[in-house]
Amino acid sequence: MIVKMINKNKIRAYVLKNALIHEGKASPGPVVAGLFNEGLEKSDVKKIMPDIQKIILSVSKLSLNKQKKEFEKLKEEVSEREIREGLPELPDAEKGVVMRIAPSPSGPMHLMHAINLSLNFLYVEKYGGKLYVRIEDTNPENIYNKAYEMIEDEAKWLTDGKVEVVVQSDRMDLYYAYAVALIEKGSAYVCECSGDDFRKFAKEKKDCPCRKKSIKQNILDWEKMLEMDGFNEGEVVLRFKNDMTHKNPAMRDFPLARINLTEHPRQGKKYRVWPLMNLAVSTDDIEMGMTHIIRGKDHRDNSERQKLIYNVFGKKYPWVAFTGMTNFVGMKFSTRQMRKDIEDEKVSGWDDKSLSTVVSLRKRGYEPIAFRKFAEHTGNPSEVDKVIKKKDFFEIFDKFNEK
């Protein structure tokens, strides 16, 4: 059902306008951005999106000539305020930006990694600054050893070498230092409660008894976590001391580090205590001077947790844009499944033409510019989920590659 204040002709006009800019293929993101100028409320985006998608599909079936003729009839529906084409501006970016993407080494980079990296690269090129590809491997499980080299090679190919690749497991001493600093500031404690007991405390909004420990005792317990003959795996976790009555249960004394005795493919048995995402990411973002972050909306709670850690250290949290999910219908992105298919000889390797990996697309003749053009085409940071069919994607991607 069309939202009352936005009529079908107006939507169609914006779809046609965007389609003509991109050789007949409209994208929902810029269309929604244009409709905001017409009074569309963010709360109504989900209601109107099915109609936008239907109109995009209808317009895509028209030839460019027919699209032009129809737009001429409807162009008065488009506000004089122009839809921003290309990359929207970032706030507070005049002095340059520091940005990153953070793939897991469960396999090489795939299409979605490449688009995200390309979007960040375009912004760093636009404003100047620094771009990091941070390989997040502090979970010793599900690591594919060859992925380290593959990700670095792919990242440098996609960015003309203008990227710095760092590996989290090479920075363990830094995470330990931040863990100790949080304890010393009274913002972290070693929790000996079982998982079930802590979940009960959190549900009932009651303090865990371990919160009462002194800073001195927490330092001793942290050291015991690190000792080979200290705490055993699963006995304790390091927690951030927040508010156990917080309205969002995810903010209630979330974990920062735990003991994991799984042998790490890169570090072996060198470490037994591993930082969890929010400790490692906060540490790295602070140390690297991150200024702008584009991340999936599924990380909203993690951003709030990381903001709390920033506050402890008196640091300004980076500007963050949350993006919706893009469902590439007919394409698979699970590197775990790809690895299994390779092992089962269902596909010939990571560069098999049926896979959506960067190495496969590169072998098929696609160039970095195609990824950048597609990122610019669809990369307006928006929390609206998008759907694109494999056939439609390659029609656009092929045109960008030809250019």
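Of (1) modelled with pLDDT under 90; (2) surrounded by 13 or more Cβ atoms within 10 Å (Cβ to Cβ), Glu76 satisfies all except one. Which?
Result: Glu76 passes all but (2).
Checking Pro209 against (1) surrounded by 13 or more Cβ atoms within 10 Å (Cβ to Cβ); (2) assigned by TED's automatic domain parsing to the domain that holds Gly268; (3) free of Cβ contacts under 8 Å to residues at least 24 places away in the same chain, which test does it fail?
For Pro209, the exception is condition (1).
All but one of (1) in a helix (DSSP H, G or I); (2) farther than 30 Å from Lys61 by Cβ hold for Asn401, so report the exception by its number.
Exception for Asn401: condition (2).
Output the number of residues of region 347-398 satisfying the condition of being exposed (fewer than 15 other Cβ atoms within 10 Å of the Cβ), over 30 Å from Asp51 (Cα atoms) and touching a residue at least 24 places away in the same chain (Cβ under 8 Å).
Number of matching residues: 2.
Which residues, taken from region 151-173, are more than 19 Å from the chain's Cα centre (by Cα) and either crowded, with 19+ Cβ neighbours inside 10 Å or among the β-branched types (Val, Ile, Thr) (or both)?
The answer is Ser169, and nothing else.
In region 308-320, which residue that is surrounded by fewer than 16 Cβ atoms within 10 Å (Cβ to Cβ) and not aromatic (Phe, Trp, Tyr) is farthest from Phe240 (Cα to Cα)?
Filtering first and then ranking leaves Lys316.
Restricting to region 24-50, what's the tally of residues that are within 22 Å of the chain's Cα centre (by Cα), of a type in the set (A, V, I, L, M, F, W, C) and more than 16 Å from Thr326 (Cα to Cα)?
1
Assess whether Phe333 counts as being modelled with pLDDT under 95, farther than 28 Å from Ser214 by Cβ and either in a loop (DSSP other than H, G, I, E, B) or touching an Asp or Glu at 6+ places or on another chain (Cβ under 9 Å) (or both).
Yes.
How many residues, within region 336-371, are part of a helix (DSSP H, G or I), of a type in the set (Val, Ile, Thr) and over 13 Å from His110 (Cα atoms)?
Within region 336-371, the first condition is being part of a helix (DSSP H, G or I), and the residues that meet it are 336-343, 358-363, 368-371.
From the residues that got through so far, the ones that are of a type in the set (Val, Ile, Thr) too are 342, 358-359, 369.
Applying the additional criterion that residues be over 13 Å from His110 (Cα atoms) yields 342, 369.
Of the residues in region 336-371, 2 are part of a helix (DSSP H, G or I), of a type in the set (Val, Ile, Thr) and over 13 Å from His110 (Cα atoms).
Scan region 81-98 and tell me whether some residue there is modelled with pLDDT of 80 or more, closer than 30 Å to Ser282 by Cα and buried (at least 20 other Cβ atoms within 10 Å of the Cβ).
Within region 81-98, one or more residues are modelled with pLDDT of 80 or more, closer than 30 Å to Ser282 by Cα and buried (at least 20 other Cβ atoms within 10 Å of the Cβ).
Determine which member of the set Glu149, Glu184, Glu192 is out of contact with any helix residue (DSSP H, G or I) (no Cβ under 9 Å at 6 or more places or on another chain) and without any contact (Cβ under 8 Å) to a residue 60 or more places away in the chain.
After applying the criteria, what remains is Glu149.
Scan (1) out of contact with any Pro (no Cβ under 6 Å at 6 or more places or on another chain); (2) without any contact (Cβ under 8 Å) to a residue 60 or more places away in the chain for the single condition Leu279 breaks and write down its number.
(2)
The values are calculated or read from the model by the stated rules, or taken from the named source; none is laboratory data. These numbers come from a predicted model, not from an experiment. With ideal geometry, Cβ positions are generated from the backbone for all residues, glycine too; neighbour counts draw on all protein chains shown.
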